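Any read-out appearing in this document is the output of simple, stated calculations on the displayed coordinates, not a laboratory observation. This is a predicted model, so every value here is computed, not measured. Please note: Cβ atoms are built from the backbone with ideal geometry, for glycine as well, and neighbour counts cover all protein chains shown.
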Amino acid sequence: MACENCHKNKTMQRSEAEYKALINRLNRIEGQIRGIKGMLEKDAYCTNILVQVSAVNAALNSFNKELLANHIKTCVAEDIRNGKDETIDDLVATLQKLMR
């Protein structure tokens, strides 16, 4: 559920389900990061740590995909329907940042 003028206010009203799903993903990622820290503190073998870092990167990419899809389906679609074509430029700029 998008809010009116979400680009202007730089805020977004999310559904309870979307909010919980995103928070759950972040909580799992936070746990993975703590696990990596623990591995480092216990002098774990480098390749084992690298594999876990790769898993965190994949989890963050998955989070980004979900958040981006929700953004496009709500804010971007609403703005385009309302004739705010500058939103397309904002989306392109965001995608370029994500692809660095």
Restricting the stretch 38-60 to residues that are under 22 Å from the mean Cα position of the chain (by Cα) and not aliphatic (A, V, I, L, M), which is nearest to ASN24 (Cα to Cα)?
-> ASN57
Selected residue [in a loop (DSSP other than H, G, I, E, B) and surrounded by 14 or more Cβ atoms within 10 Å (Cβ to Cβ)] from MET12, MET39 | MET12
Which one is nearest to ARG100 (Cα to Cα), of the residues in the stretch 50-83 that are buried (at least 16 other Cβ atoms within 10 Å of the Cβ) and among the β-branched types (Val, Ile, Thr)?
-> VAL56
Scanning the stretch 85-94 for residues that are crowded, with 16+ Cβ neighbours inside 10 Å and more than 30 Å from ARG28 (Cα to Cα) gives THR87
Does THR47 satisfy the criteria of being of a type in the set (Val, Ile, Thr) and surrounded by fewer than 11 Cβ atoms within 10 Å (Cβ to Cβ)?
-> yes
